[in-house]
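Report on the following structure.
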Amino acid sequence: MGWVKQAMVAGVLALGSAAAEAAELPPLPEAPTLPPEAALGNWYVRGDFGAAAYSTSRWSEPVTGLTMADQLLSSGFTSKSIRNPAFVDAGFGYELHPWIRADLTAEYRASVGVRGVLRETLSNSSVPLAFLGQNQFQASLQTTLVMANAYADLGTWYGLTPYFGMGIGVARHDLGGATGTGIVALGTSLNASNFPNGASMPATFDSLGGRTKTDFAWAFMAGLSYDISPNLKLDLGYRHLDLGGIQSGSIACACGQSSTGFKIRNIASNEIRVGLRWVFGEVGPSLGPSIEDVPELPQAPALPKR
């Protein structure tokens, strides 16, 4: 049985040698820590200025004071315009999510001129009577706007962040300084140009009042922001804005015709805005960690020599 003792001794010596070699190995390195994520949940303030181009196609003026025998042949605006205003706004907002933010803004739009030319023709065969009235109305329009907006940021590349958004709010329209001039033509019949065969005279208005109106407003936006610094953003955007409608005060003409006033519905505005946003607090990197921010991996330990 001597060979058995010899084998056991050899095994013990081999295990001891392997344990000694294992004891000489260095400890495993700790896992590297990842860089911190970008800070979220920050408040911000913003300010913008821009220019608007109004589009107003739905003008109307209901006519009252007609008798049963009067036949209204035509009535409508042959010319209509609202000058394009400049505007400024200011507001504050909050980052709800890495890609979602919301803000509340108050906006002042410069006073602009409103002009419309109304032409109406009627006849009364029992008199007989042919009537044509052409009136030009002028007023000034100033609008103040409060909007709640939400935006989706679509990612950042080289400091540039495209976005789109939507907003709802209220618009307060102040239509004032209204004046009116025109002509009235009377006759017994209309010629081929629908003009009475009688004399024409200047029209005078007993009243043409202004009016203040508050209406629902909505908008959608798209644009691009640029990171001047982690906290300061430059914003260039487009906005389509629907401002609701406006209405003048009552209109009364010395010629006997009267109206509750002219109305403009669905004032649409296409706009370019430029602004700045300042984000409070510590803001993380917008593009994620750079290669310099990633810690170096430790070198693999050298294996012990046999």
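Key figures
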| quantity | calculated |
| --- | --- |
| So Gln138, is it more than 21 Å from the chain's Cα centre (by Cα) and touching a residue at least 24 places away in the same chain (Cβ under 8 Å) | yes |
| Flag if Gly180 is assigned to a strand (DSSP E or B), of a type outside the set (A, V, I, L, M, F, W, C) and within 30 Å of Ser269 (Cβ to Cβ) | yes |
| Ser229 surrounded by fewer than 14 Cβ atoms within 10 Å (Cβ to Cβ), within 40 Å of the chain's Cα centre (by Cα) and at pLDDT below 95 | yes |
| Among the candidates Leu96, Leu190, Leu132, Leu118, residue that is at pLDDT below 95, within 33 Å of the chain's Cα centre (by Cα) and buried (at least 17 other Cβ atoms within 10 Å of the Cβ) | Leu118 |
| Any chance Arg239 is at pLDDT 95 or above and touching an Asp or Glu at 6+ places or on another chain (Cβ under 6 Å) | yes |
| Residues located in segment 63-80, provided they are in contact with a Phe, Trp or Tyr (Cβ under 9 Å, 6 or more places away or on another chain) and either closer than 16 Å to Phe131 by Cβ or exposed (fewer than 13 other Cβ atoms within 10 Å of the Cβ) (or both) | Asp70, Gly76 |
| Tally of residues being aliphatic (A, V, I, L, M) and at pLDDT 75 or above across segment 52-67 | 2 |
| Subset of segment 62-121 (residues that are under 30 Å from Ser225 (Cα atoms) and not in a strand (DSSP E or B)) | Arg83, Asn84, Pro85, Pro98, Trp99 |
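The values are calculated or read from the model by the stated rules, or taken from the named source; none is laboratory data. Note that this is a predicted model, so its numbers are computed, not measured. Note that we place each Cβ from the backbone using ideal geometry, even for glycine, and neighbour counts take in every protein chain shown.
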